[in-house]
Amino acid sequence: MNTTNHSGDDMPKSDEEWKRILTPEQYTVLREKGTEAPGTGALLHEKRAGMYRCAACGNELFSAETKFDSGTGWPSFDKAIPGSVNLVRDESHDMERTEVVCARCGSHLGHVFDDGPKETTGKRYCMNSVCLAFEENKTLDNPNNA
């Protein structure tokens, strides 16, 4: 994981290109730093094994093994894939927080807090569902997802 003062963007696109690629809600959150309403995200209660990727560029962000129920209304993870995100100081809305952005495309994903599970990392990566694409693990042992 990189800690930086910039969002990074290895995939520069114009606003018009992003608007063609993303849904209006995705564009608002990923590119304009919006937030989806708590409890509304499609991936909030997802429990299958798999990988969470950036909905804008496909970058691998979080393994399903690191997901936990924080009770906050947003998907939460205790650890990001190394090198997948950048952390940016965020002083918006009269608060001091740490924004999480995709290291590949610079899209806003959510924020990270120090109130996660103490038995693991103590971190809570509080992500917007709309920013994530879930890819279920496909195994030969499970005929339901082969």
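The values are calculated or read from the model by the stated rules, or taken from the named source; none is laboratory data. Predicted model only: the values in this text are computed from it and were never measured. All Cβ positions, glycine included, derive from the backbone under ideal geometry; neighbour counts span all protein chains shown.
If you check every pair at least six apart or on different chains, which have Cβ atoms under 7 Å apart with a residue in the range 77-88 that is without any contact (Cβ under 8 Å) to a residue 24 or more places away in the chain and closer than 18 Å to SER129 by Cα first and a residue that is outside any loop (DSSP other than H, G, I, E, B) and of a type in the set (Asp, Glu) second?
Short answer, once both residue conditions are applied: ILE81/GLU60.
Could you give me the residue pairs with C-beta distances under 6 Å whose first residue belongs to the range 30-48 and is farther than 22 Å from GLY58 by Cβ and touching a residue at least 12 places away in the same chain (Cβ under 8 Å), whose second residue is in a loop (DSSP other than H, G, I, E, B) and not hydroxyl-bearing (Ser, Thr, Tyr) wherever it lies, and which are 6+ apart or on separate chains?
Every condition considered, the pairs that remain are PRO38/GLY73; GLY39/GLY73.
Closer than 16 Å to HIS111 by Cβ and at pLDDT 95 or above: is that true of LEU43 in this structure?
no
So, in the range 31-42, exactly how many residues are surrounded by fewer than 20 Cβ atoms within 10 Å (Cβ to Cβ) and either closer than 19 Å to VAL112 by Cβ or touching a strand residue (DSSP E or B) at 6+ places or on another chain (Cβ under 7 Å) (or both)?
5
Considering only the range 35-54, how many residues are in contact with a helix residue (DSSP H, G or I) (Cβ under 8 Å, 6 or more places away or on another chain) and on the phi > 0 side of the Ramachandran plot?
So the count comes out to 1.
Name the residues in the range 60-76 that are without any contact (Cβ under 8 Å) to a residue 60 or more places away in the chain and either in contact with a Ser or Thr (Cβ under 9 Å, 6 or more places away or on another chain) or of a type in the set (Lys, Arg) (or both), would you?
Of everything in the range 60-76, those that are without any contact (Cβ under 8 Å) to a residue 60 or more places away in the chain and either in contact with a Ser or Thr (Cβ under 9 Å, 6 or more places away or on another chain) or of a type in the set (Lys, Arg) (or both) turn out to be GLU60, THR66, LYS67, PHE68, ASP69, SER70, GLY73, TRP74, PRO75, SER76.
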